[in-house]
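Notes follow once the structure below has been shown.
The values are calculated or read from the model by the stated rules, or taken from the named source; none is laboratory data. This one's a predicted model, so the numbers in the text were calculated from it and none came from an experiment. Reconstructed Cβ throughout: ideal geometry from the backbone, glycine too, with neighbour counts over all protein chains shown. Accessible surface is based on the protein model in full, side chains and every heavy atom, while ligands, DNA and RNA are left aside. Shrake-Rupley method; radii C 1.70, N 1.55, O 1.52, S 1.80 Å.
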Amino acid sequence: LANARPYANYRDTRYYGVETALQYTTKINRLTLSIGGNATIQQSEILKYDELNYHNDYQKRLGKPADAYFGYIVLGQFKDDNDIANSPIQPFDDQLSPGDIKYKDMNGDGQVDANDRAMIGHTDPRLFYGLNLRLGYGNFDLLVVADGSAFYDLPMTNQYFWNGWGDNNYSEFVRDNIGGAYPRLTYNRVNNNFQSSEFWMTRADYLKIQNMELSYSLPQKLAEKMFTRRFRIYARGANLLTISKVKDVDPEAVHSGVYFYPLMRTITGGIRLTL
């Protein structure tokens, strides 16, 4: 114990970025238009890190982004028994079969293990952005608010993706990707196929229409006849549309609807009176 190293916070991470926003408003006769957007670009770098005694540069965290995601590089899937016999050992299961995922032996020692894990992506967006549009024409008014994130990776490792064994344990993702973007289907779980790897990574960029509202205000004279200063009818929607490569879960919150309640789409309407 006399030679034990004391615990200490030994890490220094640099975060940097830029923010910008722009809004344009104009009026042409009865038409009012306002359109704008904002963007935040961010990046990070680990400057100091209490590294383990790694023998290979690809294992090191120093110099990599704070959100670096490590896993195995994928070479494809085993074609046949001969392919398995002539490939490095993958000791995640007792026996491999054609269709199982084949990983790269990064250090060339003839075995795929933790020493072969490398950075295969990063999980924080490099770009956050928002868009807004307001159109007014006469007594009609339309408001649209959207936002999104871009340039980052999503590990598809929650229960929705990592299932497909046992009785009735299938998501729509498994059903739709059997024989394609899903490894060999088995009754018992094959641990080899559910390691953190490129196989389960995808781009998570998305654009979402968060809010949209369409309203109509009665003409002033008509509103006054109803004993109000303003009579406004509106319809409003939230979480209306998501544009993304990710189709099976909500890229804004990938565990919603899997481990937690989903992000709801809501449509409401109402009347607002100003007395």
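At-a-glance table
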{"quantity": "The stretch 156-275, relative contact order in percent, only Cα pairs under 8 angstrom and at least six apart counted", "calculated": "24 percent"}
{"quantity": "Entries in Lys60/Lys247; Lys102/Lys208; Lys64/Lys102; Lys60/Lys208 that, when Cα-Cα distance is taken, lie over 30 Å", "calculated": "Lys60/Lys247; Lys102/Lys208; Lys60/Lys208"}
{"quantity": "Label-reachable residues, the stretch 79-120, where backbone N falls under 15 Å from a point 7 Å from Tyr49's Cα toward its Cβ", "calculated": "115-120"}
{"quantity": "Paired Rg and Dmax values of the stretch 3-121, which use every Cα atom, in angstrom", "calculated": "24.4, 81"}
{"quantity": "Difference of contour (0.36 nm per residue) and Cα-Cα distance, Asn139 to Val18", "calculated": "39.7 nm"}
{"quantity": "Mean projected area in nm² (Cα convex hull; one quarter of hull surface) for the stretch 107-163", "calculated": "7.3 nm²"}
{"quantity": "Protection-proxy order for peptides 156-163, 181-188, each taking the mean of Cβ atoms within 10 Å per residue, highest first", "calculated": "156-163, 181-188"}
{"quantity": "Fraction of the pair-distance distribution of the stretch 67-136 above 20 Å, Cα-Cα pairs, percent", "calculated": "46 percent"}
{"quantity": "Å² per residue, accessible surface of the stretch 132-275 at 1.4 Å", "calculated": "59 Å²"}
{"quantity": "Value in Å of the Kirkwood radius, where the stretch 96-254 supplies the Cα pairs that are averaged", "calculated": "19.9 Å"}
{"quantity": "Peptide ranges 257-267, 55-65 listed from the most packed, as the mean C-beta count within 10 angstrom indicates", "calculated": "55-65, 257-267"}
{"quantity": "Carbon plus sulfur fraction of accessible area for the chain, probe 1.4 Å, in percent", "calculated": "53 percent"}
{"quantity": "At 1.306 mPa s and 10 °C, Stokes D of the chain from Kirkwood alpha-carbon radius, µm² per second", "calculated": "68 µm²/s"}
{"quantity": "By average C-beta atoms within 10 angstrom, highest first, the peptides 82-93, 66-77", "calculated": "66-77, 82-93"}
{"quantity": "The stretch 188-272: Rg to Rh, with Rh as the Kirkwood radius over Cα pairs", "calculated": "1.31"}
{"quantity": "Computed accessible area, Arg230, all protein chains, 1.4 angstrom probe, square angstrom", "calculated": "120 Å²"}
{"quantity": "Relative contact order [Cα under 8 Å, 6+ residues apart], the chain, whole percent", "calculated": "15 percent"}
{"quantity": "Mean separation of Cα contacts under 8 Å (6+ apart) over length of the stretch 80-162, as relative contact order %", "calculated": "21 percent"}
